[in-house]
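Q: Take this structure, written in structure tokens, and hold onto it; I'll ask about it next.
Read-outs throughout are calculated quantities, based only on the coordinates presented, and are distinct from any laboratory measurement. Computed from a predicted model, the values in this text were never measured in an experiment. All Cβ positions, glycine included, derive from the backbone under ideal geometry; neighbour counts span all protein chains shown.
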């Protein structure tokens with residue numbers, strides 16, 4: 001049995017939910033996700049975990065995400081407490097090597113992990129990313145456009161624009177963040 005602590009905060013027009021265990025980051029949710037849905041997701045991820053609403057165990061994670069959303073490029077070296085297959089974990093750690101402000105194609109990531117024909121598999125691994133921003137899957141795009149993103153394409157566009165210093169107008173920046 002382990003303890004999982006979650007917290008919700010707002011930064012730059014986004015609602016962010018985070019969860020950590022005593023071992024590391026468990027989950028990051030970006031956008032307008034209901035608290036109840038986030039907690040239900042945590043329960044599904046760790047049905048034998050005790051779940052508590054608590055700021056203190058998430059403080060380091062919150063500080064990194066807030067600094068990132070304010071346009072800084074903070075070092076993101078927090079431990080993770082997540083389960084994944086060997087391939088998925090390799091995709092996630094590889095994506096962490098993509099420099100801030102840059103993008104790669106799904107096919108590039110597949111090649112980087114030794115599966116040059118595995119663009120779709122790499123995309124599926126990224127789709128399961130429980131730690132957006134910490135695992136910057138938003139930096140991976142499709143040859144035909146942005147590709148997908150768990151928090152929605154508008155949030156992906158926002159994060160890419162943030163990293164590239166392209167701040168949209170207030171209306172465009174907040175467009176799409178009011179639900180799924």
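Q: Could you check the simple spin-label distance between residue 127 and residue 83, using points 7 Å along Cα→Cβ, in nm with one decimal?
A: Between residue 127 and residue 83, the simple spin-label model gives 2.1 nm.
Q: Could you work out the relative contact order of segment 1-142? I mean the mean sequence separation of Cα pairs under 8 Å and 6+ apart, divided by the number of residues, in percent. Write down the numbers at each step before the final one.
A: Values: 221 pairs, mean separation 32.7, N = 142.
About 23 percent, as a whole number.
Q: Quick one: the Cα spread of the chain along its three principal axes, in angstroms, biggest first?
A: 42, 41, 29
Q: Using mean Cβ contacts within 10 Å as the protection proxy, how do 154-165, 129-140 order, highest first?
A: 129-140, 154-165
Q: What does the C-alpha gyration tensor say about the overall shape of segment 38-108? Classify as rounded when a/c is under 1.5, otherwise prolate if a/b is larger than b/c, or oblate.
A: oblate
Q: Could you give the nm distance between label points at residue 12 and residue 66, where each point is 7 Å from its Cα heading toward the beta carbon?
A: So the two model labels end up 1.4 nm from each other.
Q: Give the shape of segment 3-69 as rounded, prolate or oblate, defined through the alpha-carbon gyration tensor: a ≥ b ≥ c are the square roots of its eigenvalues, a/c under 1.5 means rounded, and otherwise the shape is prolate if a/b is larger than b/c and oblate if not.
A: It is oblate, given that a/c is not under 1.5 and a/b is not larger than b/c.
Q: Also: So, by mean Cβ neighbours within 10 angstrom, what's the order for 66-72, 104-110, 11-17 with the highest one leading?
A: 104-110, 11-17, 66-72
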